[in-house]
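J.: Got a structure for you, written out below as structure tokens; questions coming shortly.
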Amino acid sequence: MRFTRKNKSVIPGFGLSFGITMAILGFIVIIPLCSLVVYSSKMSFAGFIETVTKPRMLASYRVSFTTAFYASFVNLVMGTVLAWVLVRYDFPFKRFMDGIIELPFALPTAVAGIALTHLTVSDGWVGRLFAHFGIKIAYTRLGITTALIFIGIPFVVRSVQPVLEKIDKEYEQAAQMLGASGAQTFFKVILPEIVPSLVAGFTMAFARCLGEYGSVVFIAGNTPYETEITPLLIMSKLQEYDYASATSIALVMLVAAFLILLVNAVIQSRSSKIISGIG
């Protein structure tokens, strides 16, 4: 009778570490998400539909989704430019500027909201400048978009920056030697390489902006049907101890965020197959 030696795992203790990881993931992510479904199930389906489709709720969805989309699109452009500058140019205080990108991650969102509100009110430094042109920022949808731009821009920069660092400059030089202009080199050589990271940065920024509360609640003005965001209504329901309605609204936002990240995952998978020559 022959005995075969079982191959050892490359990672020692993989089974134990995998079990611990899944347990932590379950306690931190899965159980809280399941609790939303449990609390929402206390309400009948008709009551659920009535709660999440009230005119005030629909107006808040419109405000949250449109401002998040506009902010994410601006972040897509600005973040790409910032990543390009940080990767391709050397200038004084470059490391400091690179570190400043992380500020929205480190700064409490409430502090960011208060600071942005003071800057953009009619007598603030920025608000006073735009007031000369008849543009009001604070307590409008433009103010909400401004706060979301501040919150979401690191996602795009940190998604695009590593990809740009890996692109060999010789490809650009070869394209220019073949007669390609700067614009042609960018759109034909560089852009195809960074498209997956652009999609990833945009979708992550959009999902983050969609659920943002702390930085927006101060600058929004919270006018029903005009500048009232969905997370504010969730907090209002919680303060009223209406947990079923709060979790029902939160479930809608959760599904929306999940679909956004699912689209990102699908696009990333297809892009990887195309790059590797499989698809």
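J.: Say each of residue 97 and residue 81 gets a label point 7 Å from the Cα, pointing the same way as Cα to Cβ; how far apart are those two points in nm?
T.: Using points 7 Å along Cα→Cβ, the separation is 1.2 nm.
J.: Using only the alpha carbon atoms of the stretch 87-221, find the Kirkwood hydrodynamic radius as the inverse mean reciprocal pair distance, in angstroms to one decimal.
T.: Mean inverse Cα-Cα distance, inverted, gives 17.2 Å.
J.: Here's another thing I want to ask about it. Just the number, please: Stokes-Einstein D of the chain in µm²/s, Kirkwood Rh from C-alpha pairs, 10 °C, 1.306 mPa s.
T.: Translational diffusion coefficient: 72 µm²/s.
J.: Moving on. Nearest 20 debye, what's the magnitude of the dipole of the chain about its Cα centre given +1 on Lys and Arg Cβ and -1 on Asp and Glu Cβ?
T.: Result for the chain is approximately 880 debye, rounded to the nearest 20.
J.: Further question on the same structure: Largest first, please: the extent of the C-alpha atoms of the stretch 46-110 along each principal axis, to the nearest Å.
T.: Here the spans come out as 60, 24, 14 Å, largest first.
J.: Would you mind calculating the relative contact order of the stretch 149-205 from Cα pairs under 8 angstrom and at least 6 residues apart, reporting the percent as a whole number?
T.: Once normalised by length, the contact order is 60 percent.
J.: Tally Lys and Arg at +1 and Asp and Glu at -1 over the other residues with C-beta under 14 Å from the C-beta of residue 51: what net charge comes out?
T.: +1
J.: In the chain, what is the count of Lys pairs whose alpha carbons are under 25 Å apart, counting only pairs at least 8 residues apart or on separate chains?
T.: Lysine pairs meeting the criterion: 10.
Each value in this text was obtained by applying a stated rule to the coordinates, not by laboratory testing. What you see is a predicted model; the values in this text were computed from it and never measured. All Cβ positions, even for glycine, are placed from backbone atoms using ideal geometry, and neighbour counts span all protein chains on display.
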